[in-house]
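Every read-out reported here was derived from the displayed coordinates using simple, explicitly stated rules and does not represent laboratory data. A quick note: this is a predicted structure, and the numbers were derived from the prediction, not measured. Here Cβ is always computed from backbone atoms with ideal geometry, including for glycine, and neighbour counts include all displayed protein chains.
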Amino acid sequence: MLQDIHQASLVQRYPLGLRYAVGERVYRYARAGGTLVPDMGVKNALTQHIGPTRAIAVALAGASTIDLTVGATDGVAGNGAIAANELVGGHIVIFCAGLTAAINRGIKRNTAVSAPGGAMTVTLDKPLSITLPIGSTGECIASLYRNVQNDVIGWHPVVGLPTLAATVNQYLWLQTWGPIWMAAQLTVGVGVNNMQVVFRADGSLGMHDPVVVDGQYAQHAGYVMADMPAGAQGAPFVYLQIAP
């Protein structure tokens, strides 16, 4: 193994999002966008890169590339600039004119686009099964693991738990599934049937509570695996359920 699950590196050794399993536990390869704190869930700090309703040129069935028009407000800086292969490991949804069903594909490569936007060629992870006619549109997101950070922005989803502390631009593994310990509120796992846990704004765990603001619509994190006698809080051991 080029990079152990408990190592961080300034050299990218695997594709972002690469899955690695050890027994029940599953890990994904990611890039730190800031200083990461272990025991707290880290979030995808990127917003949607491209879209919505960006024009896609006509493409024939069997094609593995499409040409999409990047808008002037797209990209990380909101100025229409997209770096070469910035979207690798991300996703594109294609709305084919005349069809009700959307086409979903992964992104293997993309060409660079300068501000204020323009034509960009996207290489798909699977060829088109139908021809895209005039009027087709699409939108894109980059890899969920391209810029992971500890933050408290409530609309950023948690994508995993760091296996160690890391600094900006380091590559590391995040646990996304299976048994784990992580920072939790004292109410987690206490009380009858209080097994489901959600992520709070800071990436720690809280109980799924339909009344409390930070638990009402919060992102599902997993469930408590075991309590102490008489329903007291254990470690707590949690079965993480983000990406299997």
Return the calculated 222 nm mean residue ellipticity for the chain, to the nearest 500 deg cm²/dmol, obtained by summing -39500 (n - 2.57) across DSSP H runs with n ≥ 4 and dividing by the residue count.
0 deg cm²/dmol
For segment 115-163, convex hull volume per residue from C-alpha positions, Å³
185
Karplus-derived 3J(HN,Hα), 6.51/-1.76/1.60, for each residue of segment 98-104, Hz, glycine and proline x:
x, 10, 8, 8, 8, 10, 10
Got a sec? How would Phe199, Phe95 order by Cβ neighbour count within 10 Å, fewest to most?
Phe95, Phe199
Could you pull out every residue, at least 5 positions away or on a different chain, whose amide H is within less than 5 Å of the one on Gly51? Hs are placed 1.01 Å off N in the peptide plane, and Pro or chain starts have none.
Gly71, Cys140
Using a/c under 1.5 as the rounded threshold, could you call segment 127-202 rounded, prolate or oblate? The axes a ≥ b ≥ c are square roots of the C-alpha gyration tensor eigenvalues, and prolate needs a/b larger than b/c, oblate otherwise.
prolate
Provide, in order from the shortest bin, the percent of all Cα-Cα pairs of the chain in each 10 Å bin, continuing until the bin that contains the maximum pair distance.
8, 28, 28, 23, 11, 3, 0
Taking amide H atoms as placed 1.01 Å from N in the peptide plane, list the residues 5 or more away in sequence, or in a different chain, whose amide H sits under 5 Å from that of Asp151.
Lys43
Cα-projected label distance for Ala55 with Val152, points at 7 Å along beta-carbon direction, nm:
4.5
Given H placed 1.01 Å from N in the peptide plane, which residues other than close sequence neighbours of Tyr223 have an amide H under 5 Å from its amide H?
Val197, Tyr239
Segment 50-141 shape via C-alpha gyration tensor axes, a/c threshold 1.5:
prolate
